[in-house]
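Take a look at the structure below.
The values are calculated or read from the model by the stated rules, or taken from the named source; none is laboratory data. No experiment lies behind these values; they were computed from the predicted model shown. Cβ placement follows ideal geometry from the backbone for every residue including glycine, while neighbour counts extend to all protein chains displayed.
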Amino acid sequence: MTLELSKNIGSPDIPEVASKNRVSTQTELAAALDELVSRKAMWVDQDVSHRIHWVDLMIQGFSSIIDEWVALSIKAKGIQAGSPCEAEEWLGGPFIVLRNLRFLKKTLNEIRQDGRPLAPTISAVANRQQISIKAMPYEVYDYLFFPGITARVWMDGAVTAENVSQHLAACYRQDPKPRVCLVLGGGNVSSIAPLDVFYKMFVEKQVVVLKMNPVNDYLGPAFEKAFQPLIEAGYLKLVYGGVEVGKWLCAHKAVDEIHVTGSNRTFDAIVWGVGDEGAARKSANTPLSNKTITSELGNVSPVIVVPGQWSQSDLMYQANRLASMLANNAGFNCNATRVIINHQQWSQRPQLLQCLRQVLDKLPTRNAYYPGAAERHAEFVNAHEDAQQLGATSPGDLPWTLIEGVESSDVSDMVFNIEAFCSVFAETTISATDTAEFIDNAVEFVNQHVWGSLNACIIIDPRTARQAPVKQALERAIENLKYGTVSVNFWPALGYALGTTPWGAFPGHTRDDVQSGQGVVHNTMMLDNPQKTVIRGPFKIWPVAPWFVNHPNPLPLARQLTQFQIKPSVFGVFRVLFAALFGRWLT
């Protein structure tokens, strides 16, 4: 099977759906932009104390809508209230948003007191020619809630231990030009739009018009309640509509900058246009828009499995981990497992795949709520006659689908080039004479032949990792992987969730080959020139993380973790730990 890669590469082309709210008229859009233009200079001039006050209001606002927020999300996604899957909406929505706001407030307090963020002053550590900055554990509670997990942000090579203070919170060291930013919200995870707004407003000091994605704009009225103080003050506006509204806003002269979460095809449509005319513009390098565009545009996320001598318990644990990284949010995540890279000569590969099939076959299938999912699923299955469809499906669901043994030599295969964005993932093998060579070969393969640069994962057991040649190869892999988040033994989605870590593509993509995007969001420590986040965790963690498909009852834990973000306390710690250990007995 071959593809015309120029036309068949990247994130999927999502079919347009109707807005679930009244579509904003051009008169309403123009009025919103006029007010933002009139307020943008005032927003830049706000002192840090006022910004802290605004963050406090956002914490209050988003805390007040949690129940409504989760209820709307599970209804739209076909999740039964009280089921384990409801935990996803707590963790992927209120938990992440409130954690992000808490850490934004911490950084703003540091700027008010000392003129700059404080965390990097004691944690800049040499890493060959780069420095890395500790981002996890970030507070004492992280040692309890994320045991054994570390995260460091590797900075651009121009940043040194001596000049790191000159690469922090740029918009607070020098006042930026007042700007209006259009945020085109993501439709799959409910925290995406609020987090993008917070980054543009509090890290980059821009006023924002947020166009809700039609897929999840049912959240708009709830978000309007939470955002109400900023909306009333004229610093933020929420609008609704589909492609035509987005196109009109992108072209409007009042919009200085655009941030989009979605598909590289959406980015190309904004910059170059669509169809033959868009292709001609791209070829001639004559863009429709020269505005600054930051973006997060998806990924064919690889997981490199380093061979070792694993017990049956190890095999089942890692099978559950791989399945969990696909199944979360029904497979509609840009950081979902998409391609598993195995060593061709690993004797335990068949056992791991058998365990994975067992997990998936018992795992309840999920409502395929995202537009075009059934069609995308069919394309992958029809192109791979040996695709294994697992799990008993109900109407509206899609089976978990494993495409095993894809030839890595066929680099044009769609599994390496197109983000499935549904319940599909693939497995391939790479040959090598030993484990260290396998790691090197796998890194070269994913860098060169797997589309995107958002996140990648390595799974390796501690005994194998201690072997000198393997240890050196692992460190080379972490250094050489060209991904914005590189994770060892943990789902890279943690880089999205932590708040302190930047989230975005590996830097350097150009507008004619944007891949996973340009720029970052989240990044509550306000690091100006991040290159990548490196997350490390244990091979196995007990108790298992609440996003694991075999967690006995994740919902009580998700609720307590979320409530903890509103007002952290020692008593709250005990509530979280009790939920983690005994949640199965809570109602």
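Conditions tested, residue by residue: (1) surrounded by 22 or more Cβ atoms within 10 Å (Cβ to Cβ); (2) of a type outside the set (Lys, Arg); (3) over 22 Å from the mean Cα position of the chain (by Cα).
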site	(1), (2), (3)
263	no, yes, no
272	yes, yes, yes
275	no, yes, yes
282	no, no, yes
285	no, yes, yes
289	no, yes, yes
299	yes, yes, no
316	no, yes, yes
327	yes, yes, no
Original post:
Do you know which residues across the stretch 153-175 are surrounded by 15 or more Cβ atoms within 10 Å (Cβ to Cβ) and among the hydrophobic types (A, V, I, L, M, F, W, C)?
Top reply: 153, 154, 155, 159, 164, 168, 169, 170, 171
**OP:** Being closer than 20 Å to residue 332 by Cβ and of a type in the set (A, V, I, L, M) is the filter here, so list the residues in the stretch 383-430 that pass it.
**Re:** 387, 390, 398, 402, 403, 414, 415, 418, 420, 424, 426
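For the stretch 471-494, how many residues meet the condition of being within 17 Å of residue 540 (Cβ to Cβ) and crowded, with 24+ Cβ neighbours inside 10 Å? Break it down into steps so the answer makes sense when it comes.
Going residue by residue through the stretch 471-494, those that are within 17 Å of residue 540 (Cβ to Cβ) are 487-491, 494.
Then drop every residue that is not crowded, with 24+ Cβ neighbours inside 10 Å, which leaves 487, 490-491.
Result for the stretch 471-494: 3.
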Subject >> Filtered residues of the stretch 440-452 (kept if closer than 12 Å to residue 480 by Cα and not hydrophobic (A, V, I, L, M, F, W, C)) >> reply: 440, 441, 444, 447, 448
Original post:
Residue check, residue 108 against (1) crowded, with 21+ Cβ neighbours inside 10 Å; (2) without any contact (Cβ under 8 Å) to a residue 12 or more places away in the chain, all met but one. Which one?
Top reply: (2)
**OP:** Quickly run through the stretch 416-442 and pick out the residues that are over 30 Å from residue 462 (Cβ atoms) and aliphatic (A, V, I, L, M).
**Re:** 418, 420, 424
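Consider the stretch 282-302. How many of its residues are hydroxyl-bearing (Ser, Thr, Tyr), more than 19 Å from residue 258 (Cβ to Cβ) and touching a residue at least 12 places away in the same chain (Cβ under 8 Å)? Let's see the steps before the verdict.
Filtering the stretch 282-302 for residues hydroxyl-bearing (Ser, Thr, Tyr) gives 283, 286, 289, 292, 294-295, 301.
Then drop every residue that is not more than 19 Å from residue 258 (Cβ to Cβ), which leaves 283, 301.
From the residues that got through so far, the ones that are touching a residue at least 12 places away in the same chain (Cβ under 8 Å) too are 301.
Result for the stretch 282-302: 1.
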Original post:
Checking residue 513 against (1) over 25 Å from residue 444 (Cα atoms); (2) free of Cβ contacts under 8 Å to residues at least 12 places away in the same chain, which test does it fail?
Top reply: (1)
**OP:** Answer with yes or no whether residue 192 is β-branched (Val, Ile, Thr), in contact with a Gly (Cβ under 9 Å, 6 or more places away or on another chain) and within 30 Å of residue 253 (Cβ to Cβ).
**Re:** yes
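Can you list the helices (runs of 4 or more DSSP H) found entirely within the stretch 16-88 that contain at least 1 residues being over 24 Å from the mean Cα position of the chain (by Cα), in contact (Cβ under 8 Å) with a residue 40 or more places away in the chain and loosely packed, with under 13 Cβ neighbours inside 10 Å? Spell out the reasoning first.
Details: elements: 26-45, 48-64, 66-77.
Helices (runs of 4 or more DSSP H) meeting the threshold: 26-45, 48-64.
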Subject >> Which numbered condition residue 143 misses (of (1) part of a helix (DSSP H, G or I); (2) surrounded by 21 or more Cβ atoms within 10 Å (Cβ to Cβ)) >> reply: (2)
**OP:** Select from the stretch 270-281 the residues that are without any contact (Cβ under 8 Å) to a residue 12 or more places away in the chain and not acidic (Asp, Glu) and write down the one among them that is nearest to residue 186 (Cα to Cα).
**Re:** 274
Subject >> Considering residues of the stretch 530-546 that are in contact with an Asp or Glu (Cβ under 9 Å, 6 or more places away or on another chain) and under 10 Å from residue 321 (Cβ atoms) only, the residue surrounded by the fewest Cβ atoms within 10 Å (Cβ to Cβ) >> reply: 540
Original post:
Across the stretch 533-545, which residue is farthest from the chain's Cα centre (by Cα) among those that are at pLDDT 95 or above and within 25 Å of residue 523 (Cα to Cα)?
Top reply: 538
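Can we say residue 336 is modelled with pLDDT of 95 or more, surrounded by 24 or more Cβ atoms within 10 Å (Cβ to Cβ) and closer than 20 Å to residue 13 by Cβ? Working first, answer last.
Numbers: modelled with pLDDT of 95 or more: yes; surrounded by 24 or more Cβ atoms within 10 Å (Cβ to Cβ): yes; closer than 20 Å to residue 13 by Cβ: yes.
For residue 336, the condition - modelled with pLDDT of 95 or more, surrounded by 24 or more Cβ atoms within 10 Å (Cβ to Cβ) and closer than 20 Å to residue 13 by Cβ - is met.
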**OP:** Filter the stretch 561-587 down to residues that are under 25 Å from residue 366 (Cα atoms) and modelled with pLDDT of 95 or more, then give me how many there are.
**Re:** 2
**OP:** Evaluate the stretch 64-77: report whether one residue or more is at positive phi, in the same structural domain as residue 105 (by TED's automatic domain parsing) and of a type outside the set (Lys, Arg).
**Re:** no
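Across the stretch 505-529, which residue is nearest to residue 450 (Cα to Cα) among those that are of a type in the set (Val, Ile, Thr) and surrounded by 18 or more Cβ atoms within 10 Å (Cβ to Cβ)? Break it down stepwise before answering.
Going through the stretch 505-529, the residues of a type in the set (Val, Ile, Thr) turn out to be 510, 514, 520-521, 524.
Okay, now just the ones that are also surrounded by 18 or more Cβ atoms within 10 Å (Cβ to Cβ), so 514, 520-521, 524.
Values: 514: 14, 520: 21, 521: 23, 524: 30 Å.
The selected residue is 514.
Taking the stretch 204-238 as the search range and keeping residues that are among the basic types (Lys, Arg) and in contact with a Gly (Cβ under 7 Å, 6 or more places away or on another chain), which one is surrounded by the most Cβ atoms within 10 Å (Cβ to Cβ)? Write out each step before concluding.
Keep residues of the stretch 204-238 that are among the basic types (Lys, Arg), which gives 205, 211, 225, 237.
If we keep only those that are in contact with a Gly (Cβ under 7 Å, 6 or more places away or on another chain) too, we end up with 211, 225.
Working: 211: 27, 225: 14.
Looking at residues that are among the basic types (Lys, Arg) and in contact with a Gly (Cβ under 7 Å, 6 or more places away or on another chain), I get 211.
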Subject >> Scope the stretch 361-376; condition of a type outside the set (A, V, I, L, M), touching a Gly at 6+ places or on another chain (Cβ under 9 Å) and either touching a residue at least 60 places away in the same chain (Cβ under 8 Å) or closer than 24 Å to residue 187 by Cβ (or both); matching residues >> reply: 364, 365, 366, 367, 369, 370, 371
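Taking the options 512, 440, name whichever one is out of contact with any Gly (no Cβ under 9 Å at 6 or more places or on another chain) and at pLDDT below 95.
Values: 440 fails: at pLDDT below 95.
When all the criteria are applied, what remains is 512.
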